[in-house]
Amino acid sequence: MALFRSGLLVLTTPLASLVPRLAPILTSAAQLVNRTLYVHLQPGMSLDSPAQPQSSPVQATFEVLDFITHFYAGANLHTDLDIRILLTNIQTKSSFLPPLPSSVQNLAHPPEVVLTDFQTLDGSQYNPVKQQLERYATSCYSCCPQLVSVLLYPDYGPGELSVEPLDVPLPSTIRSSSPVARSPKQPMRGYRRGAVGGTFDRLHNAHKVLLSAACILAQEQLVVGVADKDLLKSKLLPELLQPYAERVKHLSEFLVDIKPSLSFDIVPLLDPYGPTGSDPSLEFLVVSEETHRGGMAVNRFRLEHDMEELALYQIQLLKDLNHKENEEDKVSSSSFRQRMLGNLLRPPHKRPELPPGLYVIGLTGISGSGKSSVAQRLKDLGAFVIDCDQLGHRAYAPGGPAYQPVVEAFGTDILHKDGIINRKVLGSRVFGNKKQLKKLTDIMWPVIAKLALEEMDLAVAEGKHVCVIDAAVLLEAGWQKLVHEVWTVVIPETEAVRRIVERDGLSEAAAQSRLQSQMSGQQLVDQSHVVLSTLWEPHVTQSQVEKAWTLLQKRIQ
């Protein structure tokens with residue numbers, strides 16, 4: 001059980017010897033810290049001498065960056081822990097390096113506990129070492145007044161201290177565009193200004209590797225491009241992307257934490273080139289394996305516009321060993337967004353005015369989203385489903401509660417010979433005419449809402465505990481006031497157009513016009529509690545619905 005919200009882990013073991021210990025170290029840290037774990041690399045530092053331990057520079061080599069990558073990759077097993085490896089004392093070989101800061105660094109989340117892998121011959125939590133650890137942590141970083149210290153290896157005896165280093169170097173995780181072979185101990189070059197770009201949605205460990213490499217290389221300023229607007233359209237489940245301002249906020253906090261000596265210029269990335277296509281003072285660009293071709297395109301563009309090429313540094317992708325069906329095998333934001341499907345995104349509404357013992361879900365989605373198929377799946381799981389389209393038909397029927405008001409409002413020429421309302425004629429009257437459409441919805445929506453409430457009473461009479469209101473216009477009509485939660489089914493607009501054309505025989509233009517007359521998927525999601533998607537095979541949709549249903553049962557028990 002986690003005891004502290006944030007902590008600082010001081011690693012004193014040489015990197016090569018530390019690698020086989022990473023898993024237990026991370027597990028131990030995760031048991032003590034439940035939010036942010038800062039990691040401070042100080043290999044070879046002693047905590048058992050009477051002199052106050054001092055922070056010393058760590059040479060930035062390819063081995064160091066490989067280790068950082070290895071650490072972040074291992075941290076993927078502890079997804080609830082926000083790992084941040086601090087780069088303050090990691091320095092490249094350069095003539096214009098700034099001096100190490102002598103002041104205490106303020107961290108975004110002041111550590112409440114400081115941990116270390118430093119081993120002593122004493123088999124207990126050796127107090128002098130703990131005191132030195134606390135003093136060292138306090139002298140380097142802002143910490144809580146009542147800082148707690150923990151030695152992660154208190155039980156090792158004299159014969160258990162030595163750990164053999166790895167026989168082989170860590171696998172290479174960064175590749176320079178230079179054809180010159182690199183060795184693990186080779187110092188990394190420093191540059192004044194450089195750039196890195198990405199979407200940076202829900203900042204994860206692969207992002208942190210990319211950003212760490214860029215922060216190590218940059219000595220004065222790092223320009224960070226954050227994808228926005230048109231560059232987001234091709235993303236998977238774009239409706240679940242964090243807003244630009246939120247992504248920048250988390251990104252900025254992380255960057256300032258890991259290397260406060262750098263100046264950061266975070267800018268919106270609106271085209272594939274961004275600042276790298278216009279700023280001649282940039283010297284390097286950090287890319288991933290999948291964006292390396294984009295980096296090469298940037299250099300071609302720069303040459304065409306009389307600018308020097310950028311030194312490209314390519315970072316290997318982090319493998320996601322726990323990826324599921326239809327998810328990428330790398331650590332990626334798109335997989336994280338997929339895992340959000342079916343989860344509760346915001347607290348439900350309290351609706352004491354609704355029938356007691358009945359929990360009401362409002363199900364909506366753009367045309368072609370597969371909303372009706374999801375409603376059927378929920379019905380199969382035991383929900384009582386109210387189809388608002390059917391309620392509309394009932395309301396329009398002769399003798400129905402909306403029949404006479406609609407005829408009075410639009411005239412008898414909307415009727416078939418048998419007196420039934422001709423919905424095609426009525427539709428042609430209101431389509432594209434906001435005033436006429438409002439006249440119709442002002443009649444219909446309150447009537448359908450009243451019929452839905454009557455259906456809820458029927459659900460209670462049948463002993464149902466969950467009711468689903470299936471309505472494409474749920475939010476437009478204001479019917480979210482009738483539900484505890486809004487569930488939205490999303491798909492890309494291109495797929496929705498394809499389905500509408502195939503299902504209804506419309507032209508693509510007509511299908512697009514229909515979608516443009518509705519609330520967008522993003523507008524729906526912004527007001528939703530649960531999001532689902534029918535983009536994949538039917539059994540994947542079924543798994544999503546079952547997950548959402550199971551979580552719902554836990555909420556309403």
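Only a single item in (1) open to solvent by less than 30 Å² (accessible area, probe 1.4 Å); (2) out of contact with any strand residue (DSSP E or B) (no Cβ under 7 Å at 6 or more places or on another chain); (3) in a loop (DSSP other than H, G, I, E, B) is not met by Leu282, and it is number (2). Of all residues in region 487-513, those satisfying the criterion of being of a type in the set (Val, Ile, Thr), over 20 Å from Gln390 (Cβ atoms) and open to solvent by less than 40 Å² (accessible area, probe 1.4 Å) are Thr488, Val490, Ile491, Val497, Ile500.
Looking at Leu310, Leu255, can you tell me which residue is buried (at least 18 other Cβ atoms within 10 Å of the Cβ), modelled with pLDDT of 95 or more, over 24 Å from the mean Cα position of the chain (by Cα) and not charged (D, E, K, R)? Even if it seems obvious, please write down each step before you answer.
On the way: Leu255 fails: over 24 Å from the mean Cα position of the chain (by Cα).
None of the others qualify; the one that does is Leu310.
Does Ile315 qualify as being open to solvent by less than 70 Å² (accessible area, probe 1.4 Å) and within 30 Å of Leu458 (Cα to Cα)? For Ile315, the condition - open to solvent by less than 70 Å² (accessible area, probe 1.4 Å) and within 30 Å of Leu458 (Cα to Cα) - is not met. Selection of first residues in region 233-245 that are within 15 Å of Leu524 (Cα to Cα) and of second residues that are among the hydrophobic types (A, V, I, L, M, F, W, C) and open to solvent by less than 20 Å² (accessible area, probe 1.4 Å), restricted to Cβ pairs under 6 Å at least 6 apart or on distinct chains, gives the following pairs, ordered by first then second residue: Glu239/Val490; Glu239/Val525.
Residues to consider are Gly370, Gly411; find the one that is on the phi > 0 side of the Ramachandran plot and in contact with a strand residue (DSSP E or B) (Cβ under 7 Å, 6 or more places away or on another chain).
Working: Gly411 fails: in contact with a strand residue (DSSP E or B) (Cβ under 7 Å, 6 or more places away or on another chain).
Criteria check complete, one pass: Gly370.
Taking region 422-476 as the range and being assigned to a loop (DSSP other than H, G, I, E, B) and modelled with pLDDT of 95 or more as the test, the residues that pass are Glu462, Gly463, Lys464, His465, Ala471, Ala472, Val473, Leu474, Leu475, Glu476.
Residues in region 1-18 that are aliphatic (A, V, I, L, M) and more than 19 Å from Leu86 (Cβ to Cβ) were compared, and the one that is nearest to the chain's Cα centre (by Cα) is Ala2.
So, in region 237-249, exactly how many residues are open to solvent by less than 50 Å² (accessible area, probe 1.4 Å) and not in a loop (DSSP other than H, G, I, E, B)?
Narrowing region 237-249 to residues open to solvent by less than 50 Å² (accessible area, probe 1.4 Å): 237-242, 247-248.
Still in the list and also not in a loop (DSSP other than H, G, I, E, B): 238-240, 247-248.
Within region 237-249, residues that are open to solvent by less than 50 Å² (accessible area, probe 1.4 Å) and not in a loop (DSSP other than H, G, I, E, B) number 5.
Cβ-Cβ contacts under 7 Å between residues 6 or more apart (or on different chains), taken from a first residue in region 372-388 that is more than 15 Å from Val473 (Cα to Cα) to a second residue that is crowded, with 21+ Cβ neighbours inside 10 Å and of a type in the set (Ser, Thr, Tyr), are listed as Ser373/Thr534; Val374/Thr534.
Leu551 - would you say it is surrounded by fewer than 22 Cβ atoms within 10 Å (Cβ to Cβ) and within 22 Å of Val385 (Cα to Cα)?
Numbers: surrounded by fewer than 22 Cβ atoms within 10 Å (Cβ to Cβ): yes; within 22 Å of Val385 (Cα to Cα): yes.
Judged against the criteria, Leu551 is a match.
Please go through region 337-346 and pick out each residue that is within 28 Å of Ser212 (Cα to Cα) and either open to solvent by less than 60 Å² (accessible area, probe 1.4 Å) or modelled with pLDDT under 90 (or both).
In the first step, residues of region 337-346 are kept if they are within 28 Å of Ser212 (Cα to Cα); the result is 337-340.
Passing the criteria: Arg337, Gln338, Met340.
In the set (1) touching a residue at least 60 places away in the same chain (Cβ under 8 Å); (2) open to solvent by less than 60 Å² (accessible area, probe 1.4 Å), His349 fails one condition alone, (2).
Looking for whichever is modelled with pLDDT of 80 or more, in contact with a Pro (Cβ under 9 Å, 6 or more places away or on another chain), surrounded by fewer than 16 Cβ atoms within 10 Å (Cβ to Cβ) and of a type outside the set (A, V, I, L, M) here; the options are Ser139, Ser172. Which one fits? Give the derivation first.
On the way: Ser172 fails: modelled with pLDDT of 80 or more.
The unique qualifying residue is Ser139.
Screening Arg302 against (1) within 25 Å of Thr69 (Cβ to Cβ); (2) open to solvent by less than 10 Å² (accessible area, probe 1.4 Å) leaves a single unmet condition, (1). Reported count of residues in region 88-121, each being under 24 Å from Leu147 (Cβ atoms), at pLDDT below 85 and in a strand (DSSP E or B), is 0. Does at least one position in region 520-535 carry a residue that is at pLDDT 95 or above and among the charged types (D, E, K, R)? Looking for residues that are at pLDDT 95 or above and among the charged types (D, E, K, R), one finds at least one in region 520-535, hence yes. Could you go through region 440-462 and let me know if any residue there is within 38 Å of the chain's Cα centre (by Cα) and open to solvent by 80 Å² or more (accessible area, probe 1.4 Å). Checked against the condition, which is being within 38 Å of the chain's Cα centre (by Cα) and open to solvent by 80 Å² or more (accessible area, probe 1.4 Å), region 440-462 yields no hits at all.
In region 398-439, what residues are small (Gly, Ala, Ser) and open to solvent by 50 Å² or more (accessible area, probe 1.4 Å)? Give the derivation first.
Kept after step one, since they are small (Gly, Ala, Ser), are these residues of region 398-439: 399-400, 402, 409, 411, 419, 427-428, 432.
Matches in region 398-439: Gly399, Ser428, Gly432.
Residues in region 292-315 that are farther than 13 Å from Ser176 by Cβ and free of Cβ contacts under 8 Å to residues at least 12 places away in the same chain: Arg293, Arg300, Leu303, Glu304, Asp306. The set of residues from region 379-420 being more than 21 Å from Thr364 (Cβ to Cβ) and in contact with a Pro (Cβ under 8 Å, 6 or more places away or on another chain) comprises Gly419, Ile420. Close contacts from region 401-428, counting a first residue that is more than 26 Å from Arg514 (Cβ to Cβ) and a second that is open to solvent by 50 Å² or more (accessible area, probe 1.4 Å) and not polar (S, T, N, Q), with Cβ to Cβ under 7 Å and a gap of 6+ residues or different chains, come to Gly419/Pro398.
Residues are listed down the side, and each one gets a yes or a no for (1) open to solvent by less than 50 Å² (accessible area, probe 1.4 Å); (2) outside any helix (DSSP H, G or I); (3) touching a helix residue (DSSP H, G or I) at 6+ places or on another chain (Cβ under 8 Å); (4) among the small types (Gly, Ala, Ser):
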| position | (1), (2), (3), (4) |
| --- | --- |
| Ser183 | no, yes, yes, yes |
| Lys208 | yes, no, yes, no |
| Leu211 | yes, no, yes, no |
| Gln219 | yes, yes, no, no |
| Val223 | yes, yes, yes, no |
| Lys235 | no, yes, yes, no |
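Taking the criterion of being among the polar types (S, T, N, Q), farther than 15 Å from Ala472 by Cβ and in contact (Cβ under 8 Å) with a residue 12 or more places away in the chain, the residues of region 490-524 that qualify are Gln512, Gln522. Criterion applied to Gln516, Gln480 was being in contact with a Leu (Cβ under 7 Å, 6 or more places away or on another chain), polar (S, T, N, Q) and open to solvent by 30 Å² or more (accessible area, probe 1.4 Å), and the one residue passing it is Gln480.
The values are calculated or read from the model by the stated rules, or taken from the named source; none is laboratory data. Just so we're clear, the structure is a prediction, and the values are computed from it rather than from any experiment. Every residue, glycine as well, gets a Cβ built from its backbone with ideal geometry; the counts of neighbours run over all protein chains shown. Please note that ligands, DNA and RNA were not included when accessible areas were found on the heavy atoms of the full protein model with its side chains. Shrake-Rupley method; radii C 1.70, N 1.55, O 1.52, S 1.80 Å.
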